[in-house]
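So the structure is just underneath, and the comments pick up after that.
The values are calculated or read from the model by the stated rules, or taken from the named source; none is laboratory data. Fair warning: this is a prediction, and the values are worked out from it, not measured in the lab. Using ideal geometry, Cβ is built from the backbone for each residue, glycine included, and neighbour counts are taken over all protein chains shown.
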Amino acid sequence: MRIEGYRLTRFQYRRDRVIGDSQVHIAFAHNFTLELHAGGKTGLGFGLSLFHPLPNLAEIERVFREEAWPGLEGQPPAGLIHKISRPRGGNARRMALPFEEAINQACWDLAAQQAGLPLYRLLGGTDPKVRSYASGLDYHLSDKHYVELFTQAAAQGHRGFKIKVGHPDVEWDLHRLRLLKDAVGDVGPVMIDSNEAWSPREAIRRLDTYRRAGFDILWAEDPVIRDDYDGLREVREGAPWVHVNSGEYLDLRGKRRLIEARGVDILNVHGTPSDVMRAGWLAAEHGIQVSLGNTMLELGIHMAAALPEAHWIEYSFQNYNHLVEEPVLMKDGYAVAPERPGHGLVLSEEARRVHACPEIQGADDLPPPPASSPIRLSP
């Protein structure tokens with residue numbers, strides 16, 4: 001099986017709610033899909049731009065044709081997924097558009113299809129289920145919508161809940177923690193994410209304040225700047241009753257430095273399947289747990305199911321489900337990897353027909369968001 005063709009599709013649409021944290025505010029989705037064709041099979045990958053519209057489809061195709069395609073055409077997907085490259089000089093850079101993750105996902109999809117296995121089994125997993133936690137991306141929601149979201153999440157069976165904190169006023173954080181407890185009760189652990197809002201000393205003070213107010217926190221995610229390895233270790237040592245979850249924004253080299261600095265209890269991973277598995281191996285060597293952060297359409301369930309140290313996968317109720325024929329199943333507090341060969345996600349032809357957006361659209365020209373989110377907030 002060798003790669004013989006490709007197809008790119010551009011999407012741009014309104015989100016069903018504003019998502020974000022103490023640092024960012026995101027109201028629109030800017031995505032593309034990459035389909036690689038090989039031996040009569042199609043591998044699917046996803047790319048996105050969080051904050052700004054992607055270029056017109058013609059420009060996306062031009063950049064892909066010039067920067068990515070020469071290294072893919074005629075190559076076996078099963079070889080590309082294991083390729084180790086060491087760019088140097090002017091080659092030590094990412095592509096002009098975010099193709100890397102989409103390419104790796106599509107190649108793993110093809111390799112697993114060629115083997116006739118679900119991706120999690122090709123990666124060595126045996127159990128397709130991993131506990132999911134409800135992540136609201138909720139910093140900009142009103143109290144009313146915040147309570148609605150987590151009430152629905154608990155009703156849908158989720159048994160872990162992560163909220164955004166990091167407001168300049170600690171009382172705001174405490175208020176949200178109280179609202180969460182009222183919404184979900186004691187059905188599962190609570191995680192918090194300040195998105196690097198604090199210094200190490202402030203993080204320790206905040207965590208102590210939450211504890212003295214009666215809130216038992218499972219982990220604090222990214223309490224300080226991502227590459228402040230000494231600071232993250234300081235938080236671990238100064239607040240030993242809370243796990244430090246970090247590493248999400250670091251490359252493999254950064255994750256290694258974070259682990260060696262003893263600045264993390266639970267390593268947060270997402271990205272290409274190849275890099276996630278390498279990071280999981282590194283964490284296992286040091287006896288560190290892993291959690292799967294946000295991945296497009298929960299594709300990361302396959303990596304989570306294959307890593308013995310991965311006990312949680314993030315589910316953040318983003319309205320992406322309309323993009324595929326059948327999304328990853330969420331059931332009784334677990335994400336369940338598809339048993340179909342490959343990663344099991346297939347681009348919906350209806351989504352391509354109805355929601356594809358080849359040209360950049362202004363915010364005022366975009367229609368209402370696609371009705372694909374399992375969460376419905378009142379007007």
Q: Kindly indicate the residue of the range 250-274 that is buried (at least 16 other Cβ atoms within 10 Å of the Cβ) and either among the hydroxyl-bearing types (Ser, Thr, Tyr) or without any contact (Cβ under 8 Å) to a residue 24 or more places away in the chain (or both) and also farthest from Gly136 (Cα to Cα) among those meeting that condition.
A: Ser274
Q. Only one of (1) free of Cβ contacts under 8 Å to residues at least 24 places away in the same chain; (2) assigned to a strand (DSSP E or B) is not met by Ile192, so which one is it?
A. (1)
Q. More than 27 Å from Glu359 (Cα to Cα), of a type outside the set (A, V, I, L, M, F, W, C) and surrounded by 15 or more Cβ atoms within 10 Å (Cβ to Cβ) - does that describe any residue in the range 92-99?
A. no
Q.
Being modelled with pLDDT under 95, over 16 Å from Glu35 (Cβ atoms) and either surrounded by fewer than 21 Cβ atoms within 10 Å (Cβ to Cβ) or not assigned by TED's automatic domain parsing to the domain that holds Ala112 (or both): is that true of Val354 here?
A. yes
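Got a sec? Which helices (runs of 4 or more DSSP H) wholly within the range 83-171 have at least 1 residues that are under 20 Å from the mean Cα position of the chain (by Cα) and closer than 30 Å to Gly40 by Cβ?
Values: elements: 100-115, 119-122, 143-155.
By residue number, 100-115, 119-122.
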**Q.** Subset of the range 291-305 (residues that are crowded, with 24+ Cβ neighbours inside 10 Å and touching a Leu at 6+ places or on another chain (Cβ under 7 Å))
**A.** Leu299, Gly300, His302, Met303, Ala304
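Here's the yes/no breakdown for (1) at pLDDT 95 or above; (2) basic (Lys, Arg):
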{"residue": "His140", "(1), (2)": "yes, no"}
{"residue": "Phe150", "(1), (2)": "yes, no"}
{"residue": "Gln156", "(1), (2)": "no, no"}
{"residue": "Lys162", "(1), (2)": "yes, yes"}
{"residue": "Gly188", "(1), (2)": "no, no"}
{"residue": "Tyr210", "(1), (2)": "yes, no"}
{"residue": "Val224", "(1), (2)": "yes, no"}
{"residue": "Gly231", "(1), (2)": "yes, no"}
Q | Members of the range 363-377 found to be under 21 Å from Ser316 (Cβ atoms) and exposed (fewer than 13 other Cβ atoms within 10 Å of the Cβ), listed by number | A | Pro368, Ala371, Arg376
(Q) Looking at Glu325 and the list (1) of a type outside the set (S, T, N, Q); (2) crowded, with 24+ Cβ neighbours inside 10 Å; (3) under 24 Å from Cys107 (Cβ atoms), which single condition is not satisfied? (A) (2)
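Going by what's in this entry, would Gly254 be described as assigned to a loop (DSSP other than H, G, I, E, B) and of a type outside the set (S, T, N, Q)? If you could, list the steps in order and put the result at the bottom.
Working: assigned to a loop (DSSP other than H, G, I, E, B): no; of a type outside the set (S, T, N, Q): yes.
Judged against the criteria, Gly254 is not a match.
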Q: For residues that are out of contact with any Leu (no Cβ under 9 Å at 6 or more places or on another chain), touching a residue at least 24 places away in the same chain (Cβ under 8 Å) and part of a loop (DSSP other than H, G, I, E, B), scanning just the range 43-75, find the one that is nearest to Tyr6 (Cα to Cα).
A: Glu73
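Can you tell me which residue within the range 15-57, out of those that are of a type in the set (Ser, Thr, Tyr) and under 26 Å from Glu196 (Cα atoms), is modelled with the lowest pLDDT?
From the range 15-57, those of a type in the set (Ser, Thr, Tyr) are 22, 33, 42, 49; that's our starting set.
Those left that are additionally under 26 Å from Glu196 (Cα atoms): 22, 49.
Working: Ser22: 90, Ser49: 95.
So, considering only residues that are of a type in the set (Ser, Thr, Tyr) and under 26 Å from Glu196 (Cα atoms), the one modelled with the lowest pLDDT is Ser22.
Only one of Ala183, Ala155 is in contact with a Ser or Thr (Cβ under 7 Å, 6 or more places away or on another chain), within 25 Å of Met330 (Cα to Cα) and surrounded by fewer than 19 Cβ atoms within 10 Å (Cβ to Cβ). Can you tell me which?
Details: Ala155 fails: in contact with a Ser or Thr (Cβ under 7 Å, 6 or more places away or on another chain).
Criteria check complete, one pass: Ala183.
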Q: Determine the pairs where a residue that is without any contact (Cβ under 8 Å) to a residue 60 or more places away in the chain and outside the structural domain of Phe46 (by TED's automatic domain parsing), located within the range 317-332, has a partner that is of a type in the set (Asp, Glu) and part of a helix (DSSP H, G or I) with Cβ atoms under 6 Å apart, the partner being 6 or more residues away or on another chain.
A: Val328/Glu298
